[in-house]
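Some notes on the structure that comes next.
The values are calculated or read from the model by the stated rules, or taken from the named source; none is laboratory data. Only a predicted model underlies this, so the values are computations on that prediction, with no experimental measurement involved. FYI the Cβ positions are ideal-geometry reconstructions off the backbone, even for glycines, and counts take in every protein chain you see. These accessible areas exclude ligands, DNA and RNA; they are computed on the full protein's heavy atoms, side chains included. Shrake-Rupley method; radii C 1.70, N 1.55, O 1.52, S 1.80 Å.
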2 protein chains.
Amino acid sequence: MRPPLPEGIAAADFSRALDELAGVVGKTWVFVDELPLSTYRDAYSPLADGTLLPSAAVAPESVEQVQRILAIANSFRLPIWTIGTGRNFAYGGPAPRKSGYLVLDLKRMNRIIEVNEKYGYALVEPGVSYMQLYRHLQRIGSKLWIDPAAPAWGGVMGNALEHGAGYTPYGDHFIMQCGMEVVLADGQVVRTGQGGISNSKHWQISKHGLGPQFDGMFTQSNFGVVTKLGIWLMPEPPGYKPFMITFPREEDLEQIFEITRPLKVNQVIPNAAVAVDLLWEASAKTTRRHYYDGKGPLPPSIRTKIAADLNLGMWNYYGALYGPPPMIENNWKLIEEAFSNIPGAKFHFARENDPAWDYRVKLMRGEPNMTEFSIMNWIGGGGHVNFSPISAPDGAEALAQYNLIKKRCHEFGFDYIGEFLVGWRDMHHILMIMYNRADETMRKSAHDLFSLLVDEAAAAGFGEYRTHLAFMDQIAGTYRHNDGALWDLHHRLKDALDPNGILSPGKQGIWPKSARP
Amino acid sequence: MRPPLPEGIAAADFSRALDELAGVVGKTWVFVDELPLSTYRDAYSPLADGTLLPSAAVAPESVEQVQRILAIANSFRLPIWTIGTGRNFAYGGPAPRKSGYLVLDLKRMNRIIEVNEKYGYALVEPGVSYMQLYRHLQRIGSKLWIDPAAPAWGGVMGNALEHGAGYTPYGDHFIMQCGMEVVLADGQVVRTGQGGISNSKHWQISKHGLGPQFDGMFTQSNFGVVTKLGIWLMPEPPGYKPFMITFPREEDLEQIFEITRPLKVNQVIPNAAVAVDLLWEASAKTTRRHYYDGKGPLPPSIRTKIAADLNLGMWNYYGALYGPPPMIENNWKLIEEAFSNIPGAKFHFARENDPAWDYRVKLMRGEPNMTEFSIMNWIGGGGHVNFSPISAPDGAEALAQYNLIKKRCHEFGFDYIGEFLVGWRDMHHILMIMYNRADETMRKSAHDLFSLLVDEAAAAGFGEYRTHLAFMDQIAGTYRHNDGALWDLHHRLKDALDPNGILSPGKQGIWPKSARP
């Protein structure tokens, strides 16, 4: 199959553009054939095959090459889709928002520019993965931890830019980010904060320069191409105590978060407190078909059997304590006492032959790994998409949201597979809708379920904080305070910073003027 | 003296504009006479009297009135200078960047819209002072702490917007801020993050909505008028242990920060660790003329006498521990052991008749007070301006910066009066240049000293994070990475969001097109 052309670009012009791009990066790094281009599709997409295919891809190795690529894109009005390491699974992977975009793949820009042991930070390029940074720190004997997302191949920069969360006390990557270099659509290179001072030694130390703080504006954004990002790293603490608590009943969720809230707001639990449902946990160890070959959600009796077989709860709660052992023991007493009030709560500090426990223990101490990805085997066929509403660490609210979402999942024939994470004040709920992509009806149901959930969540006052390409416009449309004033502002800035609309058009529902209704 | 007119506005037009403004807020809330207008000057200015005087002031009581005022300003091209509670002393107070601006005084918008005990936050309007919020929390029996700046009359919103710092573990107000409502120059009202969802309950809980995070863009900014701001509040901890450590020698500064850095990066000291010089501390208890009536910097013998009389060090170091008593004691041991390595270090946990200790103890537990303001009596005549470079918590760097700045202070005939604060990774150095405003030569020297320090700091790679009106352009000019690309970006956004340039022109060196060279 021939790759699609960018909308409104004649084949001859596109061909000329590709020649010019090859002039910048060399022919090797302009991808136009089916095989290399196939790596830029979303293998898990809730959309039908053949949608969201790039026209070509280009992989620069330097900021200067990025600048020259943007100049070419401006002259041809080429829509560009920027990716870092290109993971972003469940949210669209490396695929562009529309077919025909040119993928700007920054994977070759994967230098770890600085690790500062003294102040605890790293400065990285877009292509640096968690595993790469972790191995680098190991190699140089660093005592700094990273805070990886669950899959080790994720990008340090990409995850922070997309407001991702991790599992150590440095889990809010947006808060822990400090200093950026951004190439604007017209090629101008801007450094934020103290980076505005030539040769500043404080760019990754202070979030502040004089004037507005711009880093946030370039997150989940299509206002520029971020080429360097600073991130604070946590010093290895003198002690570490991971724990798991299993709860026997679904409705325990309410009490779990009533207990969690004060423990989090008071920082007794310093990292993300996570309540994971039975099936998410089971997926690291077994498959659905091992227990059941029917269609539709698993019957309660099977769920009970899985929980018993695998020594899991209907909710499985993870957290960890960090610091000198006496402090850990002091805080642990508070936690134990509080959760002992839930009948049937069981406390775990070690679990044999439990890959789910093993990888959570690693994640909470900053060791990236790939175990969670085995969730893909749960039903097979690889499809999954994450529905991620923000809510509050409130028991009744969490339970109501869970019940609403579970009911809809079951109506559409899906299991509920999800987790709740509590950060500084916020709660992220992540529902993983899993489907066999080979089953067209199932894929379509997953899509329709997601779309329904977006509207129902919005009606109840919940907004999503991140989403798959297919739902960006719909979710943007739910942010309709004051007639959608926030997106009007996005669009005004988009027009000012990228008048030709070349940078990731449509990302997060932000479109250039020419593509807006 | 007649108030100045806004530049380029005819008297008759201005008079019409004032009539229209009175139509919005009522005649009572449009100030045109000398007496009320005199409250909008900077009583401590390093500039000569008669500079930076407003043409008039208007005080709305609602967002809708703000919108209508901006419409009038747009139609007459009136430059507006927005203030909250109007403090901001040492950085220009309520005075506008240029004479003739209309002050938009938001002091009447002083509602505490919400205090959420459960999640630990407040949502406030621009006019809410620290003292007001503190008293409100006391009245309702809240167990939440605020994090005040040193003077109690400061504004909760204004301080957070200007990247101010406080003294509890929630001292980085920018990091603790969550959710804003902003009126753009054209009157459109935007809410950030989850505020984009109509009737969101999560606006102050999560920093994230879908898409770019804009809060930072509206800090130290003239891109909009912030009318609501959310701030996280710290729950009262189960224990509190403030401490002071005095150090006998100026050069101890180096070791102080070599010891502080790991204690801060590892969060052993959870709040801002502050090293305050002898004279800043002495000013809470005595006056310069009590010890010396000569000109120029105090001779070393007098400094030694002051230190002995008042039981102070050349550096006086404050911090506090928070939490359950066993955790406090565990961390205290680490701190004590570390600082005992500095010969002559003395540890203080209570000090009789010491107002400086008393107010620091209050500040570090979130009780606003006015004691620090007695620093104004040190030399009398009230003039002071703060020079505030960002640096790193590194002993050699701190000592070098101190020596450079002290030398210049002495050359210009001033004492060094300053403090160093260490936050998450950054160090703020605050030099308070004090002068008698009645002494014209001294005032001018203060101005020239400041200006010289800006250039010397920039040459050494240091940028200021906040500044007085008089130095905004100069400091903006020191952010010259890539030919000043950061200010080009500011200006591009300014033009897009405020094409008539009505909002606080020149704030932080950001000027509308018509006023740029």
Self-check item: Members of segment A:462-483 found to be at the interface with another protein chain (Cβ under 8 Å from one of its Cβ atoms) and outside any helix (DSSP H, G or I), listed by number
Solution: A:Phe462, A:Gly463, A:Glu464, A:Tyr465, A:Arg466, A:Thr467, A:Tyr479, A:Arg480
Practice problem: Test A:Lys295 against the stated conditions and say whether it is more than 10 Å from chain B (Cβ to nearest Cβ), surrounded by fewer than 21 Cβ atoms within 10 Å (Cβ to Cβ) and not in a strand (DSSP E or B). | Solution: yes
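Could you tell me whether any residue of segment A:279-290 is over 24 Å from the mean Cα position of the chain (by Cα), within 14 Å of another protein chain (Cβ to nearest Cβ), of a type in the set (Ser, Thr, Tyr) and open to solvent by 10 Å² or more (accessible area, probe 1.4 Å)?
Our first condition is that a residue be over 24 Å from the mean Cα position of the chain (by Cα); within segment A:279-290, this holds for A:286-290.
Subset that is within 14 Å of another protein chain (Cβ to nearest Cβ): none.
There is no residue in segment A:279-290 that is over 24 Å from the mean Cα position of the chain (by Cα), within 14 Å of another protein chain (Cβ to nearest Cβ), of a type in the set (Ser, Thr, Tyr) and open to solvent by 10 Å² or more (accessible area, probe 1.4 Å).
With B:Phe471, B:Phe462, B:Phe414 as the choices, which residue is closer than 19 Å to B:Phe89 by Cα, touching a residue at least 12 places away in the same chain (Cβ under 8 Å) and not aliphatic (A, V, I, L, M)? Outline the logic, then answer.
Details: B:Phe462 fails: closer than 19 Å to B:Phe89 by Cα; B:Phe414 fails: closer than 19 Å to B:Phe89 by Cα.
So the residue among B:Phe471, B:Phe462, B:Phe414 that is closer than 19 Å to B:Phe89 by Cα, touching a residue at least 12 places away in the same chain (Cβ under 8 Å) and not aliphatic (A, V, I, L, M) is B:Phe471.
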Practice problem: State yes or no: is B:Ala485 at pLDDT below 95 and not assigned by TED's automatic domain parsing to the domain that holds B:His163? | Solution: no
Exercise. Say whether the condition of being at pLDDT 95 or above and on the phi > 0 side of the Ramachandran plot is met by at least one residue in segment B:341-362.
Key: yes
Exercise. Could you run through segment B:240-251 and say how many residues are open to solvent by 10 Å² or more (accessible area, probe 1.4 Å) and touching a strand residue (DSSP E or B) at 6+ places or on another chain (Cβ under 9 Å)?
Key: 6
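May I ask you to list the residues in segment B:202-230 that are β-branched (Val, Ile, Thr), more than 7 Å from every other protein chain (Cβ to nearest Cβ) and surrounded by 24 or more Cβ atoms within 10 Å (Cβ to Cβ)?
First, pick out the residues of segment B:202-230 that are β-branched (Val, Ile, Thr): B:205, B:219, B:225-227.
Among the residues that remain, those that are also more than 7 Å from every other protein chain (Cβ to nearest Cβ) are: B:225-227.
Across segment B:202-230, the qualifying residues are B:Val225, B:Val226.
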Quiz item: If you go through segment A:38-58 one residue at a time, do you hit one that is surrounded by fewer than 17 Cβ atoms within 10 Å (Cβ to Cβ), in contact (Cβ under 8 Å) with a residue 12 or more places away in the chain and in contact with a strand residue (DSSP E or B) (Cβ under 7 Å, 6 or more places away or on another chain)?
Solution: yes
Quiz item: For segment A:421-453, how many residues meet the condition of being of a type in the set (A, V, I, L, M, F, W, C) and open to solvent by 30 Å² or more (accessible area, probe 1.4 Å)?
Solution: 4
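So if I check each of B:Met364, B:Met327, which one is within 14 Å of chain A (Cβ to nearest Cβ) and of a type in the set (A, V, I, L, M, F, W, C)? Even if it seems obvious, please write down each step before you answer.
On the way: B:Met364 fails: within 14 Å of chain A (Cβ to nearest Cβ).
Testing whether each residue is within 14 Å of chain A (Cβ to nearest Cβ) and of a type in the set (A, V, I, L, M, F, W, C) leaves just B:Met327.
Here is a list: A:Ile245, A:Ile269, A:Ile256. Which entry is part of a helix (DSSP H, G or I) and either in contact with a helix residue (DSSP H, G or I) (Cβ under 6 Å, 6 or more places away or on another chain) or farther than 30 Å from B:Gln401 by Cβ (or both)?
Working: A:Ile245 fails: part of a helix (DSSP H, G or I); A:Ile269 fails: part of a helix (DSSP H, G or I).
Being part of a helix (DSSP H, G or I) and either in contact with a helix residue (DSSP H, G or I) (Cβ under 6 Å, 6 or more places away or on another chain) or farther than 30 Å from B:Gln401 by Cβ (or both) holds for just one of A:Ile245, A:Ile269, A:Ile256, which is A:Ile256.
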Quiz prompt | Residue in segment A:324-333 that is over 30 Å from A:Met131 (Cβ atoms), open to solvent by less than 20 Å² (accessible area, probe 1.4 Å) and part of a helix (DSSP H, G or I) present | solution = yes
Quiz item: Can you spot a residue in segment A:358-376 that is touching a strand residue (DSSP E or B) at 6+ places or on another chain (Cβ under 6 Å), of a type in the set (Phe, Trp, Tyr) and open to solvent by 10 Å² or more (accessible area, probe 1.4 Å)?
Solution: yes
Practice problem: Can you tell me which residue among B:Gln204, B:Gln220 is modelled with pLDDT of 95 or more and out of contact with any strand residue (DSSP E or B) (no Cβ under 9 Å at 6 or more places or on another chain)? | Solution: B:Gln220
Self-check item: Checklist (1) buried (at least 16 other Cβ atoms within 10 Å of the Cβ); (2) more than 30 Å from A:Ala485 (Cβ to Cβ) applied to B:Glu456, failing item
Solution: (1)
Quiz item: Can you name the number of the only condition in (1) in contact with a Lys or Arg (Cβ under 7 Å, 6 or more places away or on another chain); (2) under 30 Å from A:Tyr292 (Cα atoms); (3) open to solvent by less than 10 Å² (accessible area, probe 1.4 Å) that A:Gly418 fails?
Solution: (1)
Practice problem: Considering only segment B:309-326, state which residues are over 20 Å from B:Glu372 (Cα atoms) and either of a type in the set (Lys, Arg) or in contact (Cβ under 8 Å) with a residue 60 or more places away in the chain (or both). | Solution: B:Leu321, B:Tyr322, B:Gly323, B:Pro324, B:Pro325
Quiz item: How many residues are in a helix (DSSP H, G or I), surrounded by fewer than 22 Cβ atoms within 10 Å (Cβ to Cβ) and of a type in the set (S, T, N, Q) when one looks only at segment A:492-517?
Solution: 1
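With a cut-off of at least 2 residues that are of a type in the set (Val, Ile, Thr), name the strands (runs of 3 or more DSSP E) lying wholly within segment B:382-450. Even if it seems obvious, please write down each step before you answer.
Numbers: elements: B:382-387, B:418-422, B:427-436.
Here the list reads B:427-436.
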Quiz item: Residues of segment A:408-444 being within 14 Å of another protein chain (Cβ to nearest Cβ) and small (Gly, Ala, Ser), which ones?
Solution: A:Gly423
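Scan segment B:1-21 for residues that are assigned to a helix (DSSP H, G or I) and open to solvent by 20 Å² or more (accessible area, probe 1.4 Å) and jot them down.
Going residue by residue through segment B:1-21, those that are assigned to a helix (DSSP H, G or I) are B:11-21.
Hits for segment B:1-21 are B:Ala11, B:Ala12, B:Asp13, B:Ser15, B:Arg16, B:Leu18, B:Asp19, B:Glu20.
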